[in-house]
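Bear in mind that the values in this text are calculations on the coordinates, not laboratory data. All figures in this text were calculated on a predicted structure; none of them were measured in a lab. Cβ: placed from backbone, ideal geometry, glycine included. Neighbour counts: every protein chain shown.
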Amino acid sequence: MPNSATSEPDFGLADIPPNPPVYFAEQALLGGLLLDPHRIKTIGPLGPDHFASAIHRAIFAAMAALPAPSADLHAKEPVWITAVLAHARPHARGLTPSYLHALAGACPDPTHAPAYARMVRSDHARRTVLVHAGLLVQAATDRGLPDPATVTLSRADALTTLLDQLAGSFPSHPGSLPRTPPPALPALQAGPEVADEEHLLLSTTTTYPEALASMRWLRPEDFTTALYGGLYRCLTSLASRGEPVDKVTVLWEAQQNGLLTTSFGPQEALELLDSPAGTPEHWGEQILRRALLRHAHLAGLHVQAFAQDLTNTPHQVITGSRRALSHLAGVRTRWQHATRQPSAPRPPIPASRAGPSPQRIRAPAASPRPSR
């Protein structure tokens, strides 16, 4: 008796997922064109690639390539179905005459062919958006890319171009925003290297606060650690008010903003702010790049959710996807501004303060500011 723990699972016919509605729309369209081949001129712009089924693509390609027979000949002889079968079979080995006859029987009314064609175009648009969204998510999460920001923005541009092209093909209608539930948010990337980079940004900017004037492209919400984002807000607040910036003034500002806790007290804050290395611009770009990829990832997940929801019309998918990408546009503008500006030269770090990365301080979640 085979071991049930190691034997392969059995699959039955019940495990095969049912065909989606577009499959039957494709059948009805092809059946209508088999019954009345001249109606191919009435269905609007449509190509073989619009079909989800490979066998349907081959059949429609044959119909588009072959001249339609005359109405009299078509009524007397099966020349049309015979020609379509002969032309399509080399590209669809499983195609049989019986299936073509089944397609003809699957068409409720050949005069409805334009409506069936619109269904095929709509589902093709949804699938195409879904593919582009997947490429955007892949680029935003692939840490092996040599330049992930450039590749990710290129994928976002391709998706935006596709949405612009589709917008002219599908009319608007009331209720244009999709009601798809938001997808699960990806976990923030807050590993040791990420925390170290944010730590070094804070300590180096505290030592060289003049860099804040040229780093307006970095914001507290770009940080993955809430406490570090709060400390950066303290730095920018002091600088915007024209007050002195050093580790003591930042410590006082942190107290005023309720960032100090029993696990992150004054001594821990002073140690964190007293270990500069490199330049603030370098660490700021690292943080902003990560925020850019995070926003791109989230935008791609939203677009995927819209395209996967079959209750959404093409117009709803387009509108919702454009809105999701608009949130990425703001971060993209700041990223482009940051990477266009050359980093100002910084005085060298004293030798006694350089060397290995300082000991990492585990940053707890910032507690709410107590009421006064």
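Results, tabulated for the structure shown:
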item: Gained length - residue 255 relative to residue 196, 0.36 nm times residue gap less alpha-carbon distance; result: 19.0 nm
item: Electrostatic dipole magnitude of the range 227-272 [Cβ: Lys, Arg +1; Asp, Glu -1; Cα centre; debye, to 20]; result: 140
item: By average C-beta atoms within 10 angstrom, highest first, the peptides 132-142, 110-120; result: 132-142, 110-120
item: Helix-only mean residue ellipticity at 222 nm for the chain, each DSSP H run of n ≥ 4 adding -39500 (n - 2.57), per residue, nearest 500; result: -18000 deg cm²/dmol
item: Kirkwood hydrodynamic radius (C-alpha pairs) into Stokes-Einstein, the chain, 4 °C and 1.567 mPa s, D in µm²/s; result: 51
item: Residue 23 versus residue 172: modelled label distance in nm, points set 7 Å from Cα along the beta carbon direction; result: 3.7
item: Under the span-like rule (Cα at least 20 Å along the axis, Kyte-Doolittle mean at least -1.0), DSSP H helices of the chain; result: 21-35, 113-141, 148-167, 192-207, 226-240, 280-308, 314-340
item: For the chain: relative contact order, % (alpha-carbon pairs under 8 angstrom, 6 or more apart); result: 19
item: Cα gyration tensor category, rounded, prolate or oblate, for the range 114-213 with a/c compared to 1.5; result: prolate
item: Over the range 217-316, relative contact order from alpha-carbon pairs under 8 Å, at least 6 apart, %; result: 24
item: Cβ-Cβ FRET estimate between residue 138 and residue 322, R0 fixed at 25 Å, reported to 0.05; result: 0.75
item: Debye, to nearest 20: dipole size of the chain, +1 on Lys, Arg Cβ, -1 on Asp, Glu Cβ; result: 660
